[in-house]
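The values are calculated or read from the model by the stated rules, or taken from the named source; none is laboratory data. Just so it is clear, the structure is predicted and the values come from calculations on it, not from any experiment. Here the Cβ positions follow ideal geometry from the backbone for every residue, glycine too, while neighbour counts run over all protein chains shown. Calculation scope for accessible area: heavy atoms of the full protein, side chains included, ligands and nucleic acids excluded. Shrake-Rupley method; radii C 1.70, N 1.55, O 1.52, S 1.80 Å.
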Amino acid sequence: MVSKKNCVIGHRNVQFEDDKIKKNKHFFEELINNYNVKIFLFGSRSNFDSVCHQVITELKAKYPFIERKCYTCKSETCIIETQRG
């Protein structure tokens, strides 16, 4: 069976309560167990991406075969540097 990828991209400013994080964790486990998703792709500029990356990092202890890959904009270093002010 071919392994699949999941791309996580979301809004920059999102508030997550514990119940939403648990729902995301359950959703990701369903993707891993029922849909053979082994690679998770993340953006790097939003709260949503960060929370999902944290959940996948926790799941990696249970599913060591999953991979996390983070993609950034080519010019992101310049953007971040200017924001440091």
Within the bounds of segment 69-85, is there any residue that is modelled with pLDDT of 90 or more, open to solvent by 90 Å² or more (accessible area, probe 1.4 Å) and outside any loop (DSSP other than H, G, I, E, B)? no
Which of the residues spanning segment 1-53 are over 16 Å from F65 (Cα atoms) and assigned to a strand (DSSP E or B)? C7, V8, F42
Qualifying residues in segment 47-62 (those that are at pLDDT 90 or above and hydrophobic (A, V, I, L, M, F, W, C)) - the one surrounded by the fewest Cβ atoms within 10 Å (Cβ to Cβ): A61
Filter result (under 24 Å from V2 (Cβ atoms) and of a type in the set (F, W, Y)) within segment 20-69: F27, F28, Y35, F40, F42, Y63, F65
For segment 17-46, how many residues are open to solvent by 60 Å² or more (accessible area, probe 1.4 Å), at pLDDT below 90 and among the polar types (S, T, N, Q)? 0
